[in-house]
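Working notes, beginning with the structure itself.
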Amino acid sequence: MAHRTAPEQQTLTPAAVFDWLDEAAELRARAGLTRTLRSRPADDPVLDLASNDYLGLVHHPAVTGAAAEAALRWGGGSTGSRLVTGTTALHTELEEELAAFCGVEAALVFSSGYTANLAALTALTDPDTLIVSDANNHASLIDGCRLSRSDVHRAPHGDPAAVAAALAARPHRRALVVTDSVFSVDGNAARLPELSAAARAHGAALLVDDAHGLGVLGPGGAGALAAAGLAGQPDTVATVTLSKSLGSQGGAVLGPRRVVRHLTETARTFIFDTGLAPAAAGAALGALRLLRAEPHRAERAREVARTLSARLTAAGLVASAPDAAVVSVRAPGPEAAVAWAADCRTAGLAVGCFRPPSVPDGVSRLRLTARGDLTDRQIADAVRIISATAPAGATFVPRPDGA
Ligand SMILES: Cc1ncc(COP(=O)(O)O)c(C=O)c1O
């Protein structure tokens, strides 16, 4: 590489070192991509369709009570990494119950879904592995691919034939197919049975990020692997987050016992990270036990999603056909999407707003969480507010023949 001289480096004052950040912020502002934090009051009266609390459990007494009890018994933090002092009896119970709930041999709990994904992708690959990754995968999977130092093939979104072709053409000894179970922006599901067949035909493992499937898909919310008949398969691994349907915080890798053993002994985001806080482990356990006792909650979330999508479409908006509990609605552009979400909030409804670079196809959207605890009245209010605040260009005129 040619040696570059940077004359400005010689004259830069300490105060000027970060000047380029202001220019970058200005560029983002011009592209309509400014992002700001908003502190949420505890008693926010706004109807929430923006969070990932798919089952509405975050305030359920079975969850908050278990969190409080765990904090009182075990303390505010786990005190160390899992292999040193950070594994309490609660962590072990959570791993056993999570594995049983999802129908897999074993589970390993992490401090987040993000670190669980980094662990699975780095520990289950080596330089002689090809990772075949769906183009729309979550950022944490993409980062895991980068950290793995393996070759990565970015397969077109939702295309098992392309995955099979990449696997067939590889010179690598091993391969790992990686996909979200439910894609976070549009809420569409991966074609897991076909991906599993493609992986199996070519001696590859399958890694499924079930962040948006756990608690929503499968019998009683056992997740996407259970829904696809893949739970407990010897060549299949799932990652989950405890921060969405389970109303807590943390993540886990689920799969064969020997995979969990390998991660326990080698995954850097497991070994060099403080164990999950006891309150979060307790809350997740409380949610799991509630789901086991009340398995209808998963189906209700899917039903709310179908209803929201159908009513928004009937109102002339372009809503996604949901496979789980996420519904997205197209906006004409990033600025219109931000203004639309703000208008919804003013009218009493919180919705998510996805813009580039968080959207894979450059199309900005509102993202709605079809919470399983929404009442029919709340669903009607949400549809009314979203339709009434829709910007020009967001609606289409349905053709008389319904096409
Ligand atoms: C698909 C997907 N995977 C992983 C994560 C990361 O999980 P966590 O928030 O627990 O780190 C998220 C979202 O937060 C997600 O949407």
Practice prompt. For the stretch 62-76, take each phi angle, set θ = phi - 60°, evaluate the Karplus expression 6.51 cos²θ - 1.76 cosθ + 1.60, and give the result in whole Hz per residue in order, putting x for glycine and proline.
Written response: 5, 8, 5, x, 5, 5, 5, 4, 5, 5, 5, 7, 10, x, x
Response to the item:
Note, the stretch 308-317: 3J(HN,Hα) by Karplus (6.51, -1.76, 1.60, θ = phi - 60°), whole Hz, Gly/Pro = x, goes 4, 4, 5, 6, 5, 5, 4, 7, x, 9
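Just reorder LEU141, LEU47 by solvent-accessible area, largest first, 1.4 Å probe, all chains present. Kindly include the intermediate steps, with their values, before the conclusion.
Details: LEU141 0, LEU47 25 Å².
Per-residue accessible area, sorted high to low, gives LEU47, LEU141.
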Worksheet entry | the stretch 8-85: chymotrypsin sites (Phe, Trp or Tyr not before Pro) falling in loop per DSSP and having at most 12 other Cβ within 10 Å | PHE18
Response to the item:
Computed over the chain, the distribution of all Cα-Cα distances in 10 Å bins, rounded to whole %, is 5, 21, 28, 26, 15, 4, 1
Worksheet item: Over the chain, what is the relative contact order in whole percent, taking alpha-carbon pairs under 8 Å and six or more residues apart?
Response: 22
Worksheet item: How big is the accessible area of HIS153 in square angstrom, nearest 10, if you roll a 1.4 angstrom probe over the protein chains?
Response: 70
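Per residue, how large is the accessible surface of the chain? Use a 1.4 angstrom probe and give square angstrom. It would help to have the intermediate numbers written out before the result.
Values: 18960 Å² over 403 residues.
That works out to 47 Å² per residue.
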Worksheet, complete the sentence: Taking the dipole of the stretch 85-201 about the Cα centre (Lys, Arg +1; Asp, Glu -1; charges at Cβ), the one of ALA162, ILE142, ASN117 that reaches farthest to the positive side is ALA162
Worksheet entry | Under 5 Å, built H, 5+ apart or other chain: amide partners of GLY251 | PHE110, SER111, SER112, GLY113, LEU242
Fill in: Cα centroid separation, the stretch 229-247 to the stretch 104-131 (Å)
12
Practice prompt. Before rounding to the nearest 500, sum -39500 (n - 2.57) across all DSSP H runs of length at least 4 in the chain and divide by the residue total; then give [θ] at 222 nm in deg cm²/dmol.
Written response: -12500 deg cm²/dmol
Worksheet entry | Per-peptide average of other Cβ atoms within 10 Å, ordering 226-235, 240-249 highest first | 240-249, 226-235
Discussion item. Please report the spacing between the Cα centers of the stretch 189-205 and the stretch 358-373 in Å, no decimals.
Written reply: 26
Item to complete: Give the residue from ALA198, THR375, GLY76 lying farthest towards the positive end of the charge dipole for the chain; charges sit on Cβ (+1 for Lys and Arg, -1 for Asp and Glu) and the dipole is referred to the Cα centre.
Response: ALA198
Worksheet item: If you plug each phi of the stretch 209-220 into the Karplus form 6.51 cos²θ - 1.76 cosθ + 1.60 with θ = phi - 60°, what whole-Hz ³J(HN,Hα) values come out, in order, with x for Gly and Pro?
Response: 8, 9, 3, 9, x, 4, x, 10, 9, x, x, x
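Accessible area, 1.4 Å probe, largest first: how do ASP22, ASP209, ASP343 sort? Don't skip to the answer; put the middle values down first.
Values: ASP22 105, ASP209 10, ASP343 75 Å².
From most accessible down to least: ASP22, ASP343, ASP209.
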Discussion item. Quick query: amide H of GLN233 versus all other amide H atoms, modeled in the peptide plane; which residues come in under 5 Å with a sequence gap of 5 or more or a different chain?
Written reply: none
Worksheet entry | Interchain or long-range residues, amide H under 5 Å from HIS138's placed H | ASP180
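Of ILE131, ILE271, which has the most accessible area and how do the rest follow, probe 1.4 Å? List each step's numbers first, then the result.
On the way: ILE131 0, ILE271 40 Å².
Ranked list, largest accessible area first: ILE271, ILE131.
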Item to complete: Would you mind telling me the share, in percent, of accessible area of the chain contributed by carbon and sulfur at probe 1.4 angstrom?
Response: 56
Worksheet entry | the stretch 182-285, dipole about Cα centre (Lys/Arg Cβ +1, Asp/Glu Cβ -1), debye to the nearest 20 | 220
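The values are calculated or read from the model by the stated rules, or taken from the named source; none is laboratory data. Just so you know, these numbers come straight off a predicted model, no measurement behind them. We place every Cβ from the backbone using ideal geometry, glycine too, and count neighbours over all the protein chains shown. Side chains included, ligands, DNA and RNA excluded: accessible areas come from the protein's heavy atoms. Shrake-Rupley method; radii C 1.70, N 1.55, O 1.52, S 1.80 Å.
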